[in-house]
Amino acid sequence: GSGDDPAPLVEAARHWEKAGVPVSAARALLRAASAMERLSLAREAARLYRRALVLPNGIRSPIERGKALYALAYLRQRHGEPRGALAALRLLDRTIGSDAKARSIRLAAVRLAAWVRFLRGKSGEAEATLARLLGETGILDGKDEAAVLCDLGWFSLSRGSVVDARSHLNRALSVLKGSGSPVLRARALNRLGAAAFYESEWREAASFYSRAVRLFERSESSEAVGALANLALVHLWTGSLRSARASLEKARAHASRGADAVEEARIVEDLARVLFRLGEVEEASTALEEARSTYVDFRHDAGVVRVLLTNGQMARERGRLDRSLDLLMRGLALARAGAKPYALFDAYNLLALTHLAREETDAAGEAVREAADALGERLTGRYEAILERTIARLAAARGGYDEAEKRLERATRLFFKRGERLMAAETLLLEAQVRLDRPGMPTPQALLDRAAGLAKETECPWLECRLALLQGRCAEKRQDPGAAAALYRDATQIARRLDARLDLAESLARLGAASAKRGERRRAQSCIEEATALYDLMRVVSPPEALAEARLVLQAPEEEVGESFRVLCRISEIINSFRDTDAILEHVLDQAIDHLRAERGLILLYTPDGQLAPSAARGLDGEDLKDASRFSRTLFARAEESEEPLVADNALADPRFDGAESVAAFNILSVACTPLRSRGKPIGLIYVDNCRTPNLFSKGDLTFLRALANLAGVALENARLLEDLRRENVLFKEEADRRARESEMIAESPVARKTVDLLRKSARSDVTILLLGETGAGKGLAAHFIHRESPRRDQPFLRMNCAAIAPSLVEDELFGHEPGSFTDARERKAGIFERAHLGTLLLDEIGDMPLSAQGKLLRVLQEGEYERLGGTETLRTNVRIIAATNRALSDLAASGGFRYDLYYRLNVVTIEIPPLRARREDIPALARYFLDRHARRNRKDVRSISGAAESLLRSYDWPGNVRELDHVIERAVIFSDGRRIEAAHLTEEVRSAFPGEGLFSQERETDTRHLPRELRSVESELLRDALARSGWNRSKAARLLGIHESTVRKKIRLLHLDRFRPTQAS
């Protein structure tokens, strides 16, 4: 097989081992392990190295054995098995010799042992080990000495001794001067960059990192990924966002060519943060989801915590405060479980900021205290400045402006001292906001000017939005409403682009107030309505006083209801009853022409490519329609700029219509047009004209036309949403049908058919069902089947895995809670019994439910009643319970781990789901089902399973049951290069399931006729291929196959292969 595909190598090793050639088997296993490492399959690689090492007489060379032991130790350390790593290194020490060839392996082993001890927290032992190594004369050459010094430099830096770290690393560079080891030089430079980073020497750090990157890239080393990520972090903290993005995209490109999957996910995660700061919100969300998926797949909890917290922060800055709170609470729960102090600090600090945005000062204060306690004495430097800024916000929210200003000034000094321009700019804007909120204070123009300079350097749209908003407030204080309105418009445009509800709502409110003071009533009213809708949407945020001021300015005596108003009411009722876009457009255009006494009319809408095209017309066709469309686009551009309807009293004399042939041909006099808008964005325009009467359209007519356009925009948006809903409903039904088909239980064996029959009969009643079976046997699928066959099929089906939830949270998940029932319980939460009302609830892994929750569950089963945590109201529920477990509940009850009364209450109808080995007749059908699904999901044209592979699948015992079969088929689909899954594509465990003594057995003559037909086919094919390659020389064919010549002769006779021998003539 090729060096990148380990499957053929593992298969070859198995054949060599059966053939009694352990040296070749071990060599194939070592090659396969190396290939697994290149595919980032570290656990599988470690298993193959171990298998090669335990193979008797497999690795005879002490050097090769030492290399394999070192690789095994390295892989074990990577996967959190330090004891296993040290055990492998001790065995290496006893195995390898003391000659010159063994020296480099022994040295690498000593370094790895030091790293293992360092990562276990025994940094003193690690440094002492390497220091002794340096003290031994004649042991190390220049490169080895430099490598040890690089390690010592990192150990010193990790315990905070920057001076020692710089000394070791500079000494390493001195040793390497003139040597041909660019990777070691790059490593020393990279760690010198970390030392400079630790001391906030950003320019020096960037210089070291850049030099390291160049050397790593020149050597094609994977360590370039880490150096680029470090360089990006320097750019991010110093405010060079675009440089940070470029470095991270370059790091991602390197990582995709062979870095560890978790390391690549970390790069993607950092890239998401930079993209968000650059205003590319959707791209940032997509990148974060990609990182989260990888972290979940690799069970990297620290990464999942970071993604949850980042998503929570992004949701807060975009004004999704409920979602922010939910994400941060989930991240906090995981951070608590991991007991990581810095993750806890980030979670509590971000939680405090969200509570402040929600105007919950008490909860924010509690979160601030928790953040400070999380770090304790380690609350210094950057983290101290971050917390100072949060406490300042809390003080300002409580009216303590003096304290807020002092803390913000201190935080600003700390950020400037560290050279973090982005954080410094944000803090300057906060300080300016506090001064503007404080009555009687002068405008903080100096602070805003400093922040403006930083915002320009960083190119961060979030800073630009806040800056424009605060500068607008300064302009208002200077009694310059025109400048204020212009700045608020800028802030509004940026906030719309960022989809930042908080900033958009405040900008609109202040723009509405400024416009009202300037007499721009229409603009003011529009801004006030949109701002009010946003604040209503966010609920927990109070609008600024400017919104109430704008409403007061706009208050005026009610005018008498006129004809135009009645027409608009009638039109509104009619068009909102339409569900078809064309009908809406035609009715709107007819009403506009009738009410305005126009003769012709036209509605143009934007096409997907951004062009205006006619969608409805009256009195226009052919060339006249093209001509009207052309000059109406010019009018529309002008109307868009002024945000007002445009009118021409005499089009013949109006220069805007120069070149419009139909104006002269039809003697067009009066013209009016106005933009059509939906959600504040232009979607088209309405145009009407009259060829007989000049000065036809009055001011009231233009107001009517604009109101009509607004109504049409809302009706069109509603029609579009309804069409989207219909389309989604169709897709949803298709998906539901597909899932229903997938939930069909494949049952071709008698035992499976009997089980399905029991499930179907049990489904017809509401009796509690207990499903027993091994892990992966399909208990969840059986529960779905029961629900789908039951009278409750149209009600919810919910599932709760009792083993996957912390014991302290089980009752909260089951029954929900009331506000104030425990710390951070701010809102009422519905439990799973409440959400599953009238439906079916699967309690998976019921044997792992804590005893404290079992008694309350028993009450629900017996009486159908429960209370939320912290509540007094008794709630009733009507839920069908299905429990599932792979444990013997009777034994568990006998040992005190499960309540007997609950066990008897659950054990009404017990159905055992048979393991896969008990229904082998189902394996081919299941395998084909999984093949179709994974081939479609992975976009591969794999259509069938070979007979030999199917025979192996039927022969294997499947300890992981259906789930293991699913994974084996998925892996086979991924590794398959053709249209069929072959035996070589299956896992080693499955391939070892050949019945009997195996192929080409030398110990005894196998009667080939008793082997399955598929295995005879495989055996015949291998033997024919070897004979063809050897020119039908039996001795050579035997050597190719690794068997005895007599076995070849017997197999030729038993398999009747003589008929395939080429004739002399041919």
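Counting neighbouring beta carbons within 10 Å and listing from fewest to most, the residues T390, T674 come out as T390, T674.
Positive-end ranking of S210, L511, S1030 along the dipole of the chain, with charges on Cβ about the Cα centre, is headed by S1030. Note on the range 96-166 and the range 827-853: Cα centroid distance 54 Å, given to the nearest whole angstrom. Our estimate of slack between R382 and L798, defined as 0.36 nm per intervening residue step minus the Cα-Cα distance, is 145.3 nm.
Look at the dipole of the range 62-138 built from charges on Cβ: of A126, L107, A68, the Cα furthest out on the positive end belongs to A68. Axis angle, to the nearest 10 degrees, between helix 341-357 and the longest C-alpha principal axis of the chain: 20 degrees. Sorting Y401, Y956, Y209, Y900 by the number of Cβ atoms found within 10 Å of their own Cβ, with the fewest placed first, yields Y900, Y401, Y956, Y209. Given +1 at the Cβ of Lys and Arg, -1 at the Cβ of Asp and Glu and no other charges, the dipole of the range 1-60 around its Cα centre is 240 debye to the nearest 20.
Per-residue extension of 0.36 nm, minus the Cα-Cα distance of H79 and N695, leaves a gain of 213.5 nm for this segment. Label-to-label distance for E834 and Q525 is 4.3 nm, based on points extended 7 Å past Cα in the beta-carbon direction. In the list (1) 63, 42, 34; (2) 65, 34, 30; (3) 65, 40, 23, the label attached to semi-axes √(5λ) of the Cα gyration tensor in Å as derived from the coordinates here is (1). Reducing the range 516-536 and the range 937-984 to their Cα centroids gives an inter-centroid distance of 63 Å.
Toward the positive end of the charge dipole of the chain, with +1 on the Cβ of Lys and Arg and -1 on the Cβ of Asp and Glu, the farthest Cα among L537, I1043, L965 is that of I1043. In the chain, helical runs assigned H by DSSP with n ≥ 4 each contribute -39500 (n - 2.57); averaged across all residues and rounded to the nearest 500, the mean residue ellipticity at 222 nm is -21000 deg cm²/dmol.
If a spin label sat at a point 7 angstrom from the Cα of D932 along the line to its beta carbon, the backbone N atoms of the range 751-771 nearer than 20 Å would be those of 753. Taking all Cα pairs closer than 8 Å and separated by 6 or more residues, the relative contact order of the chain comes to 5 percent.
The distance linking the range 205-280 with the range 854-922 is 51 Å (Cα centroid to Cα centroid, whole angstrom).
On the basis of the beta-carbon distance and an R0 of 45 Å, K1050 and D93 show a calculated FRET efficiency of 0.40. Using the Cα gyration tensor of the range 1-60, with a ≥ b ≥ c the square roots of its eigenvalues, what is the shape: rounded (a/c below 1.5), prolate (a/b larger than b/c) or oblate (neither)? It is oblate, given that a/c is not under 1.5 and a/b is not larger than b/c. Extension gain, Q493 to E457: 0.36 nm times the residue separation minus the Cα-Cα distance gives 10.9 nm. The dipole here belongs to the chain: it is taken about the Cα centre, uses +1 on the Cβ of Lys and Arg and -1 on the Cβ of Asp and Glu, and is about 4800 debye. Across the range 807-821, rounded Karplus estimates of 3J(HN,Hα) from the backbone phi angles (6.51 cos²θ - 1.76 cosθ + 1.60, θ = phi - 60°) give x, 6, 9, 5, 5, 4, 6, 6, 10, x, 8, 9, x, x, 6 Hz, Gly and Pro being marked x. Backbone N atoms of the range 687-727 closer than 18 Å to the 7 Å Cα→Cβ label point of D649 belong to residues 689-703. Packing, as the average of other Cβ atoms within 10 Å across residues, places the peptides 590-596, 404-410 in the order 404-410, 590-596, highest first. List residues of the range 67-107, by number, whose backbone nitrogen lies under 18 Å from a label position 7 Å along Cα→C-beta of H967. Correct set: 79-80.
When T693, T1047 are sorted by how many other C-beta atoms sit within 10 angstrom of their C-beta, beginning with the fewest, the order is T693, T1047.
Where a number appears in this text, it was derived from the coordinates with a stated rule and is not lab data. Since we're looking at a predicted model, the values are computed, not measured. Please note: Cβ atoms are built from the backbone with ideal geometry, for glycine as well, and neighbour counts cover all protein chains shown.
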